[in-house]
Each structure stands twice: as structure tokens, then as C-alpha cells.
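First comes the structure, then the notes that go with it.
Every read-out reported here was derived from the displayed coordinates using simple, explicitly stated rules and does not represent laboratory data. Keep in mind that what you see is a predicted model, and the values were worked out from it rather than measured. Cβ placement follows ideal geometry from the backbone for every residue including glycine, while neighbour counts extend to all protein chains displayed.
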Amino acid sequence: MKQDLSHIIRDIFKSSGYKIMNSSGADLIVEKDGLRTYVKFGSNPDRLKIYDFSTCINDGAGLYVSTERVSMDLVEYAKSLRLILWDREELAFQIGEAVLTDMEGGNVDLELSEPNDTQRPDNDIWQTAVPEPIQTPAATPIEPAVSNVLDLRSAPLNVSKDKAITIAKPHVSGMQDVVLKFVPFWKYSYSVHSEHQFRSKVIEISGEGGGMLNALNGSNESMNIPQIQEQVSVPDDHYDVKMPITKQEDAYDDILRQIIEDNTKDARFNNTAGEAIISEHKRFKPAKKDIELNIDLIYLPVWEAKGKKSSVEINGYSAEILLNPVDDDVEFV
């Protein structure tokens, strides 16, 4: 995969007028207008990997291309070392822009702006200031200064408006506006255990699971939101909190019916009567008393990027593009 990515990036830089060279300390070197940039490909970067790469660069800038999402803390740390860091979304955007430009017959114009001219930390500072690498959340933490705290049981807002615009650009033409909305979901978890006797056989049904039932349109989603907080930070006053349409008791009944359907077993039994084989088909399903169901109303931050003819919605917690509209007012691409 690394080799395929290298070919794609090489083609993009070539189309933008860059000279491509091989390097022993990086995966490749690109040069244009006297500016040399060392390019490194990797996944799951941390501060140690970024720092090690920066020490290989003496006569130009550096570009670290990651196939995974990274935190803004890591992006800022890379800037402090005069490095550019492309994460998964930025990489997808750059590739998408290049492909669309090429399809339209235009010239790909990829310009690498050099990061802020900040002194690199010396080795002593590095040894004392850098903690052990830690696991970062799937989404990029919010970038701008937070000015409002909303009393709302919600998943945290991890994606800034600028980041949402970057993610949406390859998918929406003629972007006109990007709005933040908080969408209500009935978050649920369940366990089921049921036993059924059929003649000499015991049929056991057991399992557990969970999901999210959209409280606006009733769609059942499999998204996982493990982090819920009682307050959520928002960048400004421009947001919309949607009120749930589906009531808790209705949501409970809908989810219960779905659990029963998903955990219903079909079984076939063969019996003999003389020389004849008699086949019987039975269905076994758990009763309501066999199911323990917990349900809770939470909100999910969603960025909606509106184009001239269509829109795209982005999960503000995980930075994923939503495949199903969360609101009946949305017209997807």
C-alpha cells in the first residue's frame, strides 16, 4: 500500500511541476522554485516518529503523509519542527482535488506552504518535554478557541468547522455554507438470554449489543459513541439543537421489536416414523422478559456542508462522512 501511495503522490507532484528525487532519509524529495521538500509516508505517527523525521532534514522543508487521522496537538508539534503533516482527511482532499482538476482538463496546482519558522527543540528539551506516545481519539480535536459551553448530554465536538470544510470539499460542489447541528439519538445497549424446550432438545438464545436510534427519522445506526459528556463545547453561537420527534416509550418499543427479530432462531428437526423421515420447522424467539434493555437520549454533533444542489453530513465526533441523512431536510449527494 505504501508503494501505491508513493506512486499517487509522485504523480500529483509531477503534475504540479515538481522535480522528483530519491532520498535515503525520506521516501522521496520534491523540489520547485528552489524549495526542497522531504516527503515521508507512514501510519499512526507519534511525536517520536515526527521528531526523528525532522532530524533528517537540513536543507528544506518536510512533509509527513499519514494514512490515519492524527490529533491537532501532533499537527502543531510538527509545525514547531518546520514540518507539514497531512492526515487521512487532508490526504484524501489533496488526492481528490488533483483527480478532479485533471478530469476537468486543468493544471494541478499543489503549493506547499512552509510551516511557521519556529526553532526546533534541542535534544535536552526533547528528552524532558515529550511524554510516552499515547493513543489519540479517532477524530481531530477542535481547533479554534471555545467560547461557549452548552449544557447538553452529547458526544464531544472533535471536528472544527475548517476541518469539516476540508473533509466536505471533495464531495460537495459549489459549497455555500457549513452549519453545526446537534442531532438527538436514543443510545441503547441490551443483553438477551432465553431457553426453549422442544421435545428432548433445549434451544438457547443469548447475545448482547447496542446501537443508536435516530430520534428524528427513526433510522437505526450502528455507530459507536463511547464518550458522552454532560456539557459540550461549541466554537460560537451558530448552532442548532434538534428536538427529538420519537418519544422514549416509542423508541423503546421499536428497539425491543428489532432485538426480538434479530435474535429469533429458525430450527429444523428431523424425526422418523417407520421408514419415513418427517421434517419439522420451528421458530424460537425471546420474550420481552428475556431482554434487558437500557436506553438513553444523547446528542451527536453533526456538520452539514451545503452545496448548490446537495449536502453532505460529517460526524462531528469521529470526522466520518455519514452515509444516511440524520435529518429529513437534508438532500445527500
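Here the label points at Lys265 and Ser233, each 7 Å from Cα along the C-beta direction, are separated by 5.0 nm in the simple model.
Between the amide H of Met223 and those of Met212, distances stay under 5 Å, these residues lying 5 or more places away or on another chain, with hydrogens modeled in the peptide plane.
Other residues lying with their Cβ under 12 Å from the Cβ of Ala251 contribute a combined charge of -2, Lys and Arg counting +1, Asp and Glu -1.
Using C-alpha positions alone, give me the convex hull volume of segment 148-315 per residue in cubic angstrom.
Values: hull volume 26.0 nm³, N = 168.
Dividing the Cα hull volume of segment 148-315 by its residue count gives 155 Å³.
Computed from backbone phi, the HN-Hα couplings of segment 171-180 come to 10, 10, 9, x, 4, 10, 7, 10, 10, 9 Hz, rounded to whole numbers (Karplus: 6.51 cos²θ - 1.76 cosθ + 1.60, θ = phi - 60°; Gly and Pro given as x). Only lysines eight or more places from Lys32 in sequence, or on another chain, were considered; those with a Cα closer than 29 Å are Lys2, Lys14, Lys19, Lys40, Lys49, Lys79, Lys163, Lys169. Residues whose amide H falls under 5 Å from that of Phe41, counting only those 5 or more places apart or on a different chain, are Asp27, Val65, with hydrogens built in the peptide plane. As a rough footprinting exposure proxy, the listed residues Met212, Met21 were ranked by other beta carbons within 10 Å of their own, and the order from fewest upward is Met21, Met212.
Ranked by the mean number of other Cβ atoms within 10 Å of their residues, highest first, the peptides 164-177, 312-325 come out as 312-325, 164-177. Amide H contacts of Leu322: Glu313, Ile314, Asn315, each under 5 Å away and 5 or more positions distant or on a separate chain (H built 1.01 Å from N in the peptide plane; Pro and chain starts excluded). For the pair Asp240 and Val149, a Förster radius of 30 Å applied to the C-beta separation gives a FRET efficiency near 0.95, rounded to the nearest 0.05.
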